[in-house]
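Chemist: Sending over a structure as structure tokens; questions will come in a sec.
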């Protein structure tokens, strides 16, 4: 099954919107469950919805369940474990004194995605891709700079600090994760992209639930108990997490990861618009410039491919 050239665009926008809602739901659970507990919610309570999505895709499309070959198992394991490591590194960044700088460096993910996608999967990196990735990354950094007075000099001079190195590592593993998931879908060969994406999603979330849930059972069993006890409030977070992941996996089964992750920055626009509407905050000149560059990057990646 060949996807229309444009299909990845609405699927990616949906994924970004669903992720915004998932993040809001997870935020409300963090105080009670802790960061790792709230992260487990994403996998544990998202897994049943991911399975239902796979069943629905099979039923609607009349597809057979794919066979997991060794290449698929390797790619999906690589993506799932990389995502857990990336999250752990980001948490470590937040524990640092200058965590804002580390978080800023973690946002170089889309640059690293383009590089790794080219090297590992052979995904093309055109001039328009480079422009879109560059505009998107710079726009994000201006929207949330490590130092509002000296945004560029801080980034250039602070890259050797511990938070910056951790942030770069976090971005790298998020990039590995995206490349791994696209590799998993491609490893299924001629399998139609909807069922390939759904099968990869279920496989990844199963592995992540077992790995993170098992680790917490050994290291901090009470957290797992609290996660299970908060099932009513966790279901929405799990549903939106599965919905977002279904969108990301489907888009990356169709389109190179650099394009998908760049367009996925539209999530920041969703969050920004909501914030401005609710809190009536005015944009600074730096934020206006960042927003303009981000929008330019999104336009280039969707229209200038």
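The values are calculated or read from the model by the stated rules, or taken from the named source; none is laboratory data. Source: prediction; values computed, not measured. For neighbour counting, all protein chains shown are included, and Cβ atoms are generated from backbone atoms with ideal geometry for every residue, glycine included.
Chemist: Please find, within the range 178-193, the residue that is nearest to the chain's Cα centre (by Cα) out of those that are surrounded by fewer than 24 Cβ atoms within 10 Å (Cβ to Cβ) and part of a helix (DSSP H, G or I). I'd like the intermediate steps shown before the answer.
Modeler: Pass one, the range 178-193, residues surrounded by fewer than 24 Cβ atoms within 10 Å (Cβ to Cβ): 183, 186-193.
So of that shortlist, the ones also part of a helix (DSSP H, G or I) come out as 183, 186-187, 193.
Values: 183: 16, 186: 19, 187: 21, 193: 19 Å.
Per the criteria, the residue is 183.
Chemist: Checking residue 239 against (1) surrounded by fewer than 24 Cβ atoms within 10 Å (Cβ to Cβ); (2) touching a helix residue (DSSP H, G or I) at 6+ places or on another chain (Cβ under 6 Å); (3) within 28 Å of residue 112 (Cα to Cα), only one condition comes out false. Which one?
Modeler: Result: residue 239 fails condition (3) only.
Chemist: Does residue 262 qualify as being modelled with pLDDT under 90 and either closer than 20 Å to residue 86 by Cβ or part of a helix (DSSP H, G or I) (or both)?
Modeler: Numbers: modelled with pLDDT under 90: yes; either closer than 20 Å to residue 86 by Cβ or part of a helix (DSSP H, G or I) (or both): yes.
Yes, satisfied.
Chemist: Please find, within the range 57-72, the residue that is farthest from the chain's Cα centre (by Cα) out of those that are part of a helix (DSSP H, G or I) and in contact (Cβ under 8 Å) with a residue 60 or more places away in the chain. Break it down into steps so the answer makes sense when it comes.
Modeler: To start, the set of residues in the range 57-72 that are part of a helix (DSSP H, G or I) comprises 57-61, 70-72.
If we keep only those that are in contact (Cβ under 8 Å) with a residue 60 or more places away in the chain too, we end up with 57-58, 61, 71-72.
Details: 57: 22, 58: 25, 61: 27, 71: 22, 72: 20 Å.
So, considering only residues that are part of a helix (DSSP H, G or I) and in contact (Cβ under 8 Å) with a residue 60 or more places away in the chain, the one farthest from the chain's Cα centre (by Cα) is 61.
Chemist: In the set 225, 214, which member is assigned to a helix (DSSP H, G or I), without any contact (Cβ under 8 Å) to a residue 24 or more places away in the chain, surrounded by fewer than 20 Cβ atoms within 10 Å (Cβ to Cβ) and within 24 Å of the chain's Cα centre (by Cα)?
Modeler: On the way: 225 fails: within 24 Å of the chain's Cα centre (by Cα).
Exactly one of 225, 214 is assigned to a helix (DSSP H, G or I), without any contact (Cβ under 8 Å) to a residue 24 or more places away in the chain, surrounded by fewer than 20 Cβ atoms within 10 Å (Cβ to Cβ) and within 24 Å of the chain's Cα centre (by Cα), namely 214.
Chemist: Moving to a separate point now. Looking at 78, 116, can you tell me which residue is modelled with pLDDT of 90 or more and either crowded, with 20+ Cβ neighbours inside 10 Å or part of a helix (DSSP H, G or I) (or both)?
Modeler: After applying the criteria, what remains is 78.
Chemist: Have a look at 85, 130 and point out the one that is surrounded by fewer than 21 Cβ atoms within 10 Å (Cβ to Cβ), in contact with a helix residue (DSSP H, G or I) (Cβ under 7 Å, 6 or more places away or on another chain), assigned to a helix (DSSP H, G or I) and modelled with pLDDT of 80 or more. Walk me through how you get there before you give the answer.
Modeler: Values: 130 fails: in contact with a helix residue (DSSP H, G or I) (Cβ under 7 Å, 6 or more places away or on another chain).
Exactly one of 85, 130 is surrounded by fewer than 21 Cβ atoms within 10 Å (Cβ to Cβ), in contact with a helix residue (DSSP H, G or I) (Cβ under 7 Å, 6 or more places away or on another chain), assigned to a helix (DSSP H, G or I) and modelled with pLDDT of 80 or more, namely 85.
Chemist: Suppose the filter is buried (at least 16 other Cβ atoms within 10 Å of the Cβ), part of a helix (DSSP H, G or I) and at pLDDT below 90; does residue 272 pass it?
Modeler: Values: buried (at least 16 other Cβ atoms within 10 Å of the Cβ): yes; part of a helix (DSSP H, G or I): yes; at pLDDT below 90: yes.
Answer is yes for this residue.
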